[in-house]
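To start, the structure under review is shown below, and the notes come after it.
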Amino acid sequence: MKSKYLCLAITFLALSLALTSCAPEEPEVSATTSVSSPETSPTSPEETSYAGLGLTEEEIRMLEERGVANVDSVEVASKIAGFEVVVPAYVPEGFSPGKFSISISGAGLPESMKPKFNNTKVQQTYTYQEDKKVGILLIQSPHKFGIGHGEPAEICGQTGEKAFTKADPDNGQPYDTVTLGWEKDGITYALTGMLGGTLDEAEMEKIACSIGVE
């Protein structure tokens, strides 16, 4: 059982790194995404109080020094990230949500070394209980980033991208993978799914269209 969780974690970590590595150094206008909202400077730890959020002293120290946190509450995740974190209103039956993993842009860096744009990211994984190798990963950020090798596609009425990767069991990817990327109201979203069990492309589109919908 532990090996299955580890396999899924490693797979999504690789996907997350691939997605974040596609981010340009400065926001750009691409053919597949709409123009992002104006750049905003990341909030420094000195300007942010994490008191009252139910965090331990160690969790606050990790936020201030490394800019990382793992929390259960979408409200707390939003306050830490500095933008409204959203979740899908629809997730297929059998998928359980994990914690919100937050990476704060420029935390712990001297002012002269802080990035010029807010590259804070929040990601959350949903795991399929009948097959731990199947899962859904949602990444959201106020900074526009690409999904890598994506083709232009319409995602729930928004101009975006779709990337498809074939299964490669020999290299730890037992199922086909699809990633949908789009931008809405100044926030970029990337939704990745390991297609197995009840999860297919149609379900992925339903999930995408429900993100941020109350």
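Nothing in this text is a laboratory measurement; each read-out follows from the coordinates by a stated rule. What you see is a predicted model; the values in this text were computed from it and never measured. Quick reminder, even Gly has a Cβ in these numbers, built from the backbone with ideal geometry, and neighbours come from all protein chains shown.
Per-residue packing, averaged as other Cβ atoms within 10 Å, sorts the ranges 51-57, 102-108 into the order 102-108, 51-57, beginning with the highest. Pairs exceeding a 25 Å alpha-carbon distance, out of Lys79/Lys132; Lys133/Lys166; Lys79/Lys162: Lys79/Lys132; Lys79/Lys162.
Here's the list of aspartates and glutamates a cross-link from Lys121 could span, going by alpha-carbon distance under 13 Å and ignoring same-chain residues fewer than 8 apart: Glu84. Highest mean first, the peptides 121-127, 165-171, 87-93 sorted by other C-beta atoms within 10 Å per residue fall in the order 121-127, 87-93, 165-171. Note that region 199-214 has calculated 3J(HN,Hα) couplings of 8, 9, 5, 4, 5, 4, 5, 5, 4, 4, 6, 9, 5, x, 8, 8 Hz, one per residue in order, obtained from phi through the Karplus relation 6.51 cos²θ - 1.76 cosθ + 1.60 (θ = phi - 60°); glycine and proline are x. Scanning residues 5 or more positions from Ala153 or on other chains, those with amide H under 5 Å from its amide H are Gly160, Glu161, Lys162, with H placed 1.01 Å from N in the peptide plane.
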